[in-house]
1. Step by step: first the residues of the stretch 35-54, then only those that are open to solvent by less than 30 Å² (accessible area, probe 1.4 Å) and not aliphatic (A, V, I, L, M), then the one that is modelled with the highest pLDDT. Which residue is that?
2. Of the residues 103, 124, which is within 30 Å of residue 69 (Cα to Cα) and in contact with a helix residue (DSSP H, G or I) (Cβ under 7 Å, 6 or more places away or on another chain)?
3. Which condition does residue 126 not pass, out of (1) modelled with pLDDT of 80 or more; (2) of a type in the set (Ser, Thr, Tyr); (3) over 20 Å from residue 22 (Cβ atoms), if it passes all the others?
4. Is it the case that residue 22 is at pLDDT 95 or above and of a type in the set (Phe, Trp, Tyr)?
5. Which one of 108, 82 is out of contact with any helix residue (DSSP H, G or I) (no Cβ under 7 Å at 6 or more places or on another chain), over 24 Å from residue 47 (Cβ atoms) and open to solvent by less than 40 Å² (accessible area, probe 1.4 Å)?
Amino acid sequence: FYDTHLSVNNTISCASCHKQAYGFGDNVALSAGFENNKTIRNSIAIQNLAIGNSTAKLFWDGREQLLSNMVLQPLVNHVEMGMSSINDVVTRVSSLPYYETLFASAYGDNNVSNVRISLALQTFVSELVSNNTRFDMSTQQANGTLNSIEEYGKNLFFSKYNCNSCHQIQSALGYQTGGLNGGEGFVN
């Protein structure tokens, strides 16, 4: 996730756009790819992706439903990380000496495959769980702890822009919604 060697010119990692300091999202309108060309969208936050339902719509356009497939797509995207194929990713990872020990430790041998790369990235991403934010706490308490700006944002999310119609967060995380629309699982 943090290794720039997964990009064609060794300049960008998954974390270059999914920045930990910004909730594993990007703080710019359009993210920059391996040649500093702009993507067509901002890199969406990726925490809580493994929570919820098996019919999640991943990426901004919902083109993927499987986290195992989603984690590989930016590697071979012509703007994002630029590798020409998943086989090229496997060759690159196989050629980096530090992965030999890591794969042996994780899988019992040092064989590198697209399935194992996907599983490693998927496992990391699925552990990015946020459940102790001010929003989380406000939904779990009778008297919410949100300030007026946060409350305004919450109202935009659930009402005006109806973000909740796709990003159904409350039931997936076990929220007591207290009148908010109940979702069927986190969808991103």
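The values are calculated or read from the model by the stated rules, or taken from the named source; none is laboratory data. Only a predicted model underlies this, so the values are computations on that prediction, with no experimental measurement involved. With ideal geometry, Cβ positions are generated from the backbone for all residues, glycine too; neighbour counts draw on all protein chains shown. Ligands, DNA and RNA are stripped out before the accessible areas are found, and what is left, the full protein with its side chains, is counted by its heavy atoms. Shrake-Rupley method; radii C 1.70, N 1.55, O 1.52, S 1.80 Å.
1. By that ranking, first place goes to 39.
2. Only one candidate passes the filter, namely 103.
3. (3)
4. No; evaluated as a whole, the condition is false for this residue.
5. 82
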